[in-house]
Amino acid sequence: MIRVLLADDQTLVRAGFRSILSDEDDIEVVAEAATGAQAIDGAREHRPDVVLMDIRMPELDGLEATRRIAGDQALGDVKVIILTTFDLDDYVYGALRAGASGFLVKDTEPAELIHAVRVVARGDALIAPSITRRLIAEFAGRVKRPDPGPELNALTDREREVMTLVAGGLSNDEIAARLVVSPATAKTHVSRILTKLGVRDRAQLVVIAYEAGMITPGWLTP
């Protein structure tokens, strides 16, 4: 069972998402929050698998709430999906850097919402990777690139190759096909990369790859 926490200051939005998700046999909405502070408290109390997090909320915005959840080692298994609109793209990039696993636009189709929750819960891939790549590629050029750190030097040549494919939005199966290896081998490479870089999931690998100059916009066709 996938446990979900809904964080949005609009009651009707939460009710709509709850109605959609509660109809699924493998998804349970365990808590709701109207502020970022409530979202953090709810994550600590209920330990959901996925938090659907609005960015604009009172007391504490979704970006800071995401950063605090992602930075809490006790909540290492909690994944955050940012709820946004296209006029908040700057926040989307910041949220991914803060530790979010991906994002959804608020007017997404019900089937896409359900699929996104399942994908992030199992940690397999980014949500809407083509959109995520486009946004990151656009805004990575607007922010000061931090020093990627020495951790990247610890990656093998094959791991760096796998990381660029992850940044291109490829799933483990697609990476396996491109490199002519088994899906299990591709998954092992991704897991080792996450461990070596000390990041939570594939979303952060995309950000690091762009910021480190390992990948440039448009280099890989979706």
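The values are calculated or read from the model by the stated rules, or taken from the named source; none is laboratory data. Keep in mind it's a predicted model, so treat the numbers as computed, not measured. Every residue, glycine as well, gets a Cβ built from its backbone with ideal geometry; the counts of neighbours run over all protein chains shown. These accessible areas exclude ligands, DNA and RNA; they are computed on the full protein's heavy atoms, side chains included. Shrake-Rupley method; radii C 1.70, N 1.55, O 1.52, S 1.80 Å.
Results, tabulated for the structure shown:
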quantity: Conditions (1) open to solvent by less than 70 Å² (accessible area, probe 1.4 Å); (2) out of contact with any Lys or Arg (no Cβ under 9 Å at 6 or more places or on another chain); (3) farther than 15 Å from Gln204 by Cβ: number failed by Arg158; calculated: (1)
quantity: Residue that is modelled with pLDDT of 80 or more and not in a loop (DSSP other than H, G, I, E, B), where the choices are Glu161, Glu151; calculated: Glu161
quantity: Complete set of residues in segment 39-77 that are in a loop (DSSP other than H, G, I, E, B), within 13 Å of Ala98 (Cβ to Cβ) and open to solvent by less than 20 Å² (accessible area, probe 1.4 Å); calculated: Ile55
quantity: Tally, over segment 78-94, of residues that are in a loop (DSSP other than H, G, I, E, B) and modelled with pLDDT under 90; calculated: 1
quantity: Matching option when the condition is free of Cβ contacts under 8 Å to residues at least 40 places away in the same chain and in contact with a Phe, Trp or Tyr (Cβ under 7 Å, 6 or more places away or on another chain), among Ile82, Ile69, Ile40, Ile55; calculated: Ile82
quantity: Restricting segment 174-212 to residues that are polar (S, T, N, Q) and at pLDDT 90 or above, the residue that is farthest from Arg67 (Cα to Cα); calculated: Ser182
quantity: Residues of segment 43-52 classified as without any contact (Cβ under 8 Å) to a residue 40 or more places away in the chain and closer than 18 Å to Ala121 by Cβ, total; calculated: 1
quantity: Leading residue by the ranking (nearest to Thr108 (Cα to Cα)) among those in segment 17-36 that are assigned to a helix (DSSP H, G or I) and open to solvent by less than 30 Å² (accessible area, probe 1.4 Å); calculated: Phe17
